[in-house]
Amino acid sequence: MTTGLVDTPRDGSEPQHVTASSVPSCHSDAGGPAAAPGSAVVALAGSPNVGKSTLFNALTGAKRHMGNWPGTSVEVGRGAWRFERTACPQGDGCRCPADAPCARGTTEVDLVDLPGAYSLDPASPDEELTRALLVDKPPAERPDLVVVTVDAAHLSRSLYLVAQVREHALRVVVALTMNDVAARRGIAVDTAALAAALGAPVVPVDPRRRGGLQQLADAVVQTLAAPVPAPRGGSGIRPDGPEDNPDGLDLVGPPEALDPVDHELAQADDRFAWVEQAVVHAAHESAQTRTGWTDRIDGVVTSRLWGPLVFLVAMWLVFQLTTTVAAPMQDWLDGLFTGPVSSAAGWLMERIGLGHSPVRGFLVDGLIAGVGMLLTFVPLMTLMFALLSLLEDSGYMARAAVVTDRLMRSIGLPGRAFLPLVVGFGCNVPAIAATRTLPNARHRVMTSLLVPLTSCTARLTVYVLMATTFFPDHAGSVVFAMYLLSILLVVLLGLALRSTLWRRVGDEPLILDLPPYQVPHLRLMASQTWVRLRGFLRTASGIIVATVVAIWLLQATPMPGSGERFGEVQTADSVYAAGAKAIAPAFAPAGYGEWRTSSALVVGFVAKEAVISSWAQTYAVSEPDSERAPGQLGDVIRADFERSSGGHGIAAALAFMVFLLAYTPCVATLAAQKREIGWRWTLFGVGVQLTLAWVLSVVVFQVGRLVV
């Protein structure tokens, strides 16, 4: 048997068809072939917000983003699950040869993390992907086994998916998560009774503390050795299920007896009835539960009056702490790269005879200046990612979606559209991918057009530099104001789109599972912070190195007919400067019509991470004889803004920050938009963003110079 799954890449390339061969086990049964553990494909399925991605990370050592709201995982993830087989499928009496597939020892299976789905009746593209991989493919190409994660605190909701999976001839193992939450709520789950009701192994797991993972592996090995179960109609109850339906009959009768709609409704009723029976047999809830304090907190943080205030205060604290606590470390790193590191590199170039060559300019004034400036923001990014992980892991961010539901619906979007927008404040690319969780196609297009207005972390680095340069005593508040402006632009553009293009898009109620409040787990917080920081550095470093090389080449190239040689031309007389000077007049009405700044914005179209590196490289190369003290890049930028704005540097700085916020984030975002909504809407969005950015920037400067 050959098992195949389609893995949809993030880069928009053709999906890869991944196969895994299944060889006969020494315990093959006449009822059907068994899958060898070392060659099996195991799918990990479950409802959103039940710890599925956390379990995937624990089993594979991967670093998929984890969040406690729906839509965290919107694409298929793959990983290798290696474990020790401590139990033979035939029990302690196994006499298998040492080289038999079921022998004890280390084995590996391909683990596939599917997008969260409440059921196999899809209501959004990510749920369609889950159904396609589990149901729509031919039986020979489906996974060998499905591990379904089930929330012990919400059995009724989670077991519906189990019932559907059991109906499609798939081996099933149930991983019971959230057991600590269930215990706090006074819910006790009898796993033996639940396993009997489901006709599948049930293993309690705690992926945060790696509890139950070996038992889960043993259950997977034993289930893989069993034959593939026959398809089951109706609820999928096995003959040894609850006594209310001992024969596992199809309660709705043959499909031809009912029309399609009635048949689907009857099937759903059948499943819900079976789920209720299973819960009655397996779950026992004490008379007293301890959820009162949660309700009291929710009464404040989700209220119409206090909820928005709590949200704004939380966000203000994040940016205030980020800019103030990280500042000393940022200054130290800046001094390190512009001082000892640059001096050491210059000394090395002198020692090897390249002290006056173009290579020295590229290395010292280009690569070290550009990459070094990026690395100075590592403390800031680390702290911000850690604070956001704290808000997520504590359970607050899902409440923020409830708070903003009314605001979202006012612009024609459902409340759950807030979740992709929140992701956009980290990075716009996964935020656009997260729009797949929205059932309505128009909502997906509209949200994808609004996501670029959410201020990503790449923009944050520029905000901090500008704020500390022009507003040193109020840097945190200025950065916070930029994020408030980002939210305001999302609302205003959303209203404009709704009143012009999508007048008939109806509202949808927000249905969202609020996760329990919990003390953030430090190890997982550190892991998620590292994942985000590593992703930022990996993306930014590659872009910046490529940008530095391109800028250096253009700066080292003289204009035709100038008579100067490559590598000896002044930056102001280079091809790079000529191109920048050609577009600089377009920004003069906004107060920053200086060629170095206009060139930085062009580079920023590729990636905002490169804006500061472009400045650092341009100023360093254009003034090779200057001996600026460490940390004075901002002083040079301030002087240029004062000069180009006619003495209104603060107004010009604000206008520049507004333009940076509103125009196209990066080419990676454009690629993500094209993949999700097509070129027509993507180009429409680019035009709107550039126009909006220029108009707002000019207005801010023209008004600001009268006030400041």
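Take the residues of region 663-681 that are of a type in the set (S, T, N, Q) and under 18 Å from the mean Cα position of the chain (by Cα): which is modelled with the lowest pLDDT?
Here is the first cut: in region 663-681, the ones of a type in the set (S, T, N, Q) are 664, 669, 673.
Next cut, under 18 Å from the mean Cα position of the chain (by Cα) only: 669, 673.
Values: Thr669: 84, Gln673: 88.
That would be Thr669.
Looking at Ala540, Ala580, which is the one that is out of contact with any strand residue (DSSP E or B) (no Cβ under 7 Å at 6 or more places or on another chain), outside any loop (DSSP other than H, G, I, E, B), surrounded by 17 or more Cβ atoms within 10 Å (Cβ to Cβ) and at pLDDT 80 or above?
Numbers: Ala540 fails: at pLDDT 80 or above.
Answer to the selection: Ala580.
Where helices (runs of 4 or more DSSP H) fall entirely within region 267-360, those with at least 1 residues that are touching a Gly at 6+ places or on another chain (Cβ under 6 Å) and assigned by TED's automatic domain parsing to the domain that holds Pro472 are at 306-325, 327-336, 342-351.
Here Asp126 qualifies as modelled with pLDDT under 85, in contact with a Lys or Arg (Cβ under 7 Å, 6 or more places away or on another chain) and either under 30 Å from Arg416 (Cα atoms) or assigned to a strand (DSSP E or B) (or both).
Is it true that Ala163 is under 18 Å from Thr223 (Cβ atoms) and surrounded by fewer than 23 Cβ atoms within 10 Å (Cβ to Cβ)?
On the way: under 18 Å from Thr223 (Cβ atoms): yes; surrounded by fewer than 23 Cβ atoms within 10 Å (Cβ to Cβ): no.
Considered against the rule, which asks whether it is under 18 Å from Thr223 (Cβ atoms) and surrounded by fewer than 23 Cβ atoms within 10 Å (Cβ to Cβ), Ala163 comes out as no.
Applying a threshold of 9 Å to beta carbon distances and a minimum spacing of six or more residues, or different chains, the list of pairs starting in region 461-487 at a residue that is assigned to a loop (DSSP other than H, G, I, E, B) and ending at one that is buried (at least 18 other Cβ atoms within 10 Å of the Cβ) reads Phe471/Val478; Phe471/Ile650; Phe471/Ala653; His474/Ala467.
Considering (1) in contact with a helix residue (DSSP H, G or I) (Cβ under 8 Å, 6 or more places away or on another chain); (2) at pLDDT 80 or above; (3) surrounded by fewer than 24 Cβ atoms within 10 Å (Cβ to Cβ), the lone condition that Arg442 does not fulfil carries the number (1).
Please determine, by comparing only the residues of region 271-294 that are at pLDDT 75 or above and polar (S, T, N, Q), which one is farthest from Tyr160 (Cα to Cα).
Applying the first criterion (at pLDDT 75 or above) to region 271-294 yields 271-284, 293-294.
Within this subset, residues satisfying the condition of being polar (S, T, N, Q) are 277, 294.
Values: Gln277: 12, Thr294: 26 Å.
Within region 271-294, the match that is farthest from Tyr160 (Cα to Cα) is Thr294.
Restricting attention to region 687-703, the residues that are in contact with a helix residue (DSSP H, G or I) (Cβ under 7 Å, 6 or more places away or on another chain) and either of a type in the set (Val, Ile, Thr) or not assigned by TED's automatic domain parsing to the domain that holds Pro452 (or both) add up to 2. Condition test on Ala188, is it buried (at least 18 other Cβ atoms within 10 Å of the Cβ) and not charged (D, E, K, R)? The answer is no for Ala188.
The values are calculated or read from the model by the stated rules, or taken from the named source; none is laboratory data. Worth saying up front: this structure is predicted, and the values here are computed from it rather than measured. Backbone-built Cβ (ideal geometry, glycine too); neighbour counts: all protein chains shown.
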